[in-house]
1. Checking residue 90 against (1) surrounded by fewer than 20 Cβ atoms within 10 Å (Cβ to Cβ); (2) in contact (Cβ under 8 Å) with a residue 24 or more places away in the chain; (3) assigned by TED's automatic domain parsing to the domain that holds residue 49; (4) not charged (D, E, K, R), only one condition comes out false. Which one?
2. Considering each residue of region 250-263, count those that are more than 34 Å from the chain's Cα centre (by Cα) and closer than 16 Å to residue 321 by Cβ, and give that number.
3. Suppose the filter is within 27 Å of residue 67 (Cβ to Cβ), surrounded by 12 or more Cβ atoms within 10 Å (Cβ to Cβ) and among the hydroxyl-bearing types (Ser, Thr, Tyr); does residue 392 pass it?
4. Would you mind stating whether residue 44 is of a type outside the set (Asp, Glu) and either crowded, with 22+ Cβ neighbours inside 10 Å or touching a Phe, Trp or Tyr at 6+ places or on another chain (Cβ under 9 Å) (or both)?
5. Looking at region 54-133, what helices (runs of 4 or more DSSP H) fall wholly within it and have at least 2 residues that are within 24 Å of residue 191 (Cα to Cα) and of a type in the set (Gly, Ala, Ser)?
6. In the set 166, 189, which member is under 22 Å from residue 346 (Cβ atoms), touching a residue at least 40 places away in the same chain (Cβ under 8 Å) and either assigned by TED's automatic domain parsing to the domain that holds residue 384 or within 19 Å of the chain's Cα centre (by Cα) (or both)?
7. Considering only residues that are in contact with a helix residue (DSSP H, G or I) (Cβ under 9 Å, 6 or more places away or on another chain) and among the charged types (D, E, K, R), which ones fall in region 272-289?
8. Name the single residue that is modelled with the highest pLDDT among those in region 79-129 being β-branched (Val, Ile, Thr) and under 17 Å from residue 32 (Cβ atoms).
Amino acid sequence: MEFDISYTSKEITPWGGMAFLKQMLEKTGFRELVEKNTELPQPGSNRGYKTATIIEGFITSIWCGANRFLHTEVTRHDVALGKIFDWQGTPGQDTYKRFFSKFTQAKNQGVGQYFYSWIFDNFKFDNFTLDIDSSVMTRYGVKEGSKKGYNPNKKGRPSHHPLIAFIADVKLVANMWLRSGDTSSANNFLGFLEDTLSKLKNKTVGLIRLDSGFFQSDILDYLEGKPMDYVVAAKFTHPIQRLIAGTNNWIVLDTGIEVCEQMYQSLSWEKSRRIVIVRQKIKERPQATGKQLGLFPEEEIYRDYRYSAYVTNLKLAPAEVWRLYRGRGDAENRIKELKYDFGFDSFNLKSFYATEAALTFAMIAYNLMALFRTFVLQEKTQKTLATLRYRTFAIGAYFEKVNDKLVLKIALNKKRRAWFSGLWNHSKVFEYPFIFSNA
């Protein structure tokens, strides 16, 4: 079929669905929140972009698919999108880079405290599960803090090694610190945990779950000094492997799965602690997670199983302890989503603290999207941003004046218009502060 082309001067955006998020930001008073923060860098002249516009523009660019600074140029030239958010002009990559380059360690600390605390102050829930994990982000070129360390995907390449805290119950980020690539998983963990708890203020942490990178006596001592339960995966040191090898009181949970518990005291511990041990038979459960006992390679019985072990102060049955810890795997899914959909491993600048600032606002973009999914969309299964982007947000639209009123004309077939109108109305009247029940 042959066709001709012609042109229109209408300002058309492919992101008409962003109007939902504009409504949510307006309802929560996000712009006023930004304007009240005196620690944020301010424009150097009257012609500069407003700080609120820069932050909203950066977050919106991420929602629209930007996962590096260059990609923000796409939203910069989208005039209709700028009208949706009521920006006088839309910033581009150079504006964002200059903005984040003004951040220091102290400014990052203050701004992070401000925005994370705002979310949790207006989120009415309590007694939740906290998961803390680290991640490796490979870096190319000269970047401050980019050093050679543990890097399973790109061995020998410089990297950053951030710490991230998640609230498992509501899939929110509670805190993030950027660290140099040569740090261990547990490096400065106690300072990070204290900082996280300060951001959560009066919220109660009922359970904290950590992987084996945090299996250290000082961390366990600290957790036991707090009014919280914990489950920490044990490192398979030689004493732990000997403990497992000497165990014979296994309880069968299911085909190929057995559990038991032991009391164990490391030479560096002042007291013994409860260890829950799980073994899964490889023949019957080939996809089972865990490790084999490398200390006994000649023993055929140990080659038949994969083992995992957890130190805990919980008084639940061993099977329940294991079940609770397995929920921690969702933290790894959150990290993957942060990397793939929010540019967590690709928004980086030469300055260490500029990179940390950019990633902090990527975390805020993630949290706002998580709140949108939970309280505006209210779907039983939470979709990733990649799915929402093309199912909910990527809708063609343009502005038109009707009786002297600006109207956003949405390009939707009739079958989907009722859905859009319902979501539009709900995005204006959802309950705020947010109320979440984890009963």
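The values are calculated or read from the model by the stated rules, or taken from the named source; none is laboratory data. Owing to the predicted nature of the structure, the values given are computational and were not obtained by experimental measurement. Glycine also receives a Cβ, built like all others from the backbone with ideal geometry; neighbour counts cover every protein chain displayed.
1. (1)
2. Matching residues across region 250-263 total 4.
3. Values: within 27 Å of residue 67 (Cβ to Cβ): yes; surrounded by 12 or more Cβ atoms within 10 Å (Cβ to Cβ): yes; among the hydroxyl-bearing types (Ser, Thr, Tyr): yes.
So residue 392 fits the description; yes.
4. Values: of a type outside the set (Asp, Glu): yes; either crowded, with 22+ Cβ neighbours inside 10 Å or touching a Phe, Trp or Tyr at 6+ places or on another chain (Cβ under 9 Å) (or both): no.
The answer is no for residue 44.
5. On the way: elements: 73-76, 79-84, 93-100, 105-121.
Hits in region 54-133: 105-121.
6. Values: 189 fails: under 22 Å from residue 346 (Cβ atoms).
Within the list 166, 189, the selection yields 166.
7. Hits for region 272-289 are 273, 274, 279.
8. Residues of region 79-129 that are β-branched (Val, Ile, Thr), as a first pass: 79, 84, 90, 95, 104, 111, 119, 129.
Within this subset, residues satisfying the condition of being under 17 Å from residue 32 (Cβ atoms) are 111, 119.
Numbers: 111: 95, 119: 92.
The selected residue is 111.
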